[in-house]
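Working notes, structure below.
The values are calculated or read from the model by the stated rules, or taken from the named source; none is laboratory data. Only a predicted model underlies this, so the values are computations on that prediction, with no experimental measurement involved. Note that we place each Cβ from the backbone using ideal geometry, even for glycine, and neighbour counts take in every protein chain shown.
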Amino acid sequence: EPEVTQTPSHQVTQMGQEVILRCVPISNHLYFYWYRQILGQKVEFLVSFYNNEISEKSEIFDDQFSVERPDGSNFTLKIRSTKLEDSAMYFCASSPGETGIFEVQFFGPGTRLTVL
Amino acid sequence: GQNIDQPTEMTATEGAIVQINCTYQTSGFNGLFWYQQHAGEAPTFLSYNVLDGLEEKGRFSSFLSRSKGYSYLLLKELQMKDSASYLCAHPAGNNRKLIWGLGTSLAVNP
């Protein structure tokens, strides 16, 4: 069964450093998403991406964040200068994009980011 | 505004039935999703409701009342592996971002 994959599973970085989190969405899906979950808190939407551009972003997704689809399979989230409060589990998701806004989003296993 | 409320924790016995409630407030409505999340893992899709009523999928069923802003997830024949967090979520307005509840942590005891 097709699944979303993410690398790395864990990332430890120093405050102020840049990190890139990588995702491979399900191959025939058209919509891609990044969510994050701080330990013990709700899952929070960061950004959605369609047709090679951001379709929506949250207040969390400020100038320090960017997303890219560098090729036909990868979808990346970059944090330019990490802060302590960026420590969280980051989930990538994808959805088919065929049935309107009410369709299932499939999640990857997540990348646990720890900023020291 | 958009808000989702769920009980924080529940406990049940193996083989029993448990109902996990979710109430929501939203300015728009495009259905409600239920996901399961084991500790340290990704949310995995369980069920969704667009219309009022009960949707049954094996041991899991989900119910929706749009007029009451209320949904529940029903888990039957509980197994130890069902110990997890159960998250309800809905799309926000006319876009695809999901708004999530904090989740209900279910402990299934032998």
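Checking the conditions here, which among A:56, A:98, A:68, A:103 is touching a strand residue (DSSP E or B) at 6+ places or on another chain (Cβ under 6 Å), at pLDDT below 90 and charged (D, E, K, R)?
A:103
Find the residue count for segment A:1-23, including only residues that are within 14 Å of another protein chain (Cβ to nearest Cβ) and either of a type outside the set (S, T, N, Q) or touching a Phe, Trp or Tyr at 6+ places or on another chain (Cβ under 7 Å) (or both).
7
Only residues that are in contact with a Lys or Arg (Cβ under 8 Å, 6 or more places away or on another chain) and touching a residue at least 24 places away in the same chain (Cβ under 8 Å): list them for segment A:22-46, please.
Across segment A:22-46, the qualifying residues are A:31, A:32, A:33, A:43, A:46.
Being crowded, with 19+ Cβ neighbours inside 10 Å, β-branched (Val, Ile, Thr) and farther than 19 Å from residue A:24 by Cβ narrows it down to one of A:47, A:115, A:67, so name that one.
A:115
Are any residues in segment A:1-47 in a loop (DSSP other than H, G, I, E, B) and among the hydrophobic types (A, V, I, L, M, F, W, C), and if so, which ones?
Residues satisfying the conditions are A:4, A:15, A:26, A:30, A:38, A:39.
Show the residue pairs that are 6+ apart or on different chains and have beta-carbon atoms under 6 Å apart, the first residue being within segment B:70-90 and of a type in the set (Asp, Glu), the second being surrounded by fewer than 17 Cβ atoms within 10 Å (Cβ to Cβ).
From residues that are of a type in the set (Asp, Glu), the pairs are B:77/B:59.
Residues that are more than 14 Å from every other protein chain (Cβ to nearest Cβ) and of a type in the set (Ser, Thr, Tyr): find the strands (runs of 3 or more DSSP E) completely inside segment B:27-110 holding 2 or more of those.
Here the list reads B:60-65, B:70-75.
Quick check: is even one residue across segment B:47-61 surrounded by 21 or more Cβ atoms within 10 Å (Cβ to Cβ), of a type in the set (Ser, Thr, Tyr) and in contact (Cβ under 8 Å) with a residue 40 or more places away in the chain?
Scanning segment B:47-61 turns up no residue that is surrounded by 21 or more Cβ atoms within 10 Å (Cβ to Cβ), of a type in the set (Ser, Thr, Tyr) and in contact (Cβ under 8 Å) with a residue 40 or more places away in the chain.
Please work out if residue A:99 is without any contact (Cβ under 8 Å) to a residue 24 or more places away in the chain and either under 26 Å from residue B:101 (Cα atoms) or of a type in the set (Ser, Thr, Tyr) (or both).
Here the answer is yes, as residue A:99 does meet what is asked.
Condition check: surrounded by 15 or more Cβ atoms within 10 Å (Cβ to Cβ) and within 24 Å of residue A:88 (Cβ to Cβ). Does residue B:40 satisfy that?
Details: surrounded by 15 or more Cβ atoms within 10 Å (Cβ to Cβ): no; within 24 Å of residue A:88 (Cβ to Cβ): yes.
Judged against the criteria, residue B:40 is not a match.
State whether the residues of segment A:29-45 include one that is among the acidic types (Asp, Glu) and more than 13 Å from chain B (Cβ to nearest Cβ).
There is no residue in segment A:29-45 that is among the acidic types (Asp, Glu) and more than 13 Å from chain B (Cβ to nearest Cβ).
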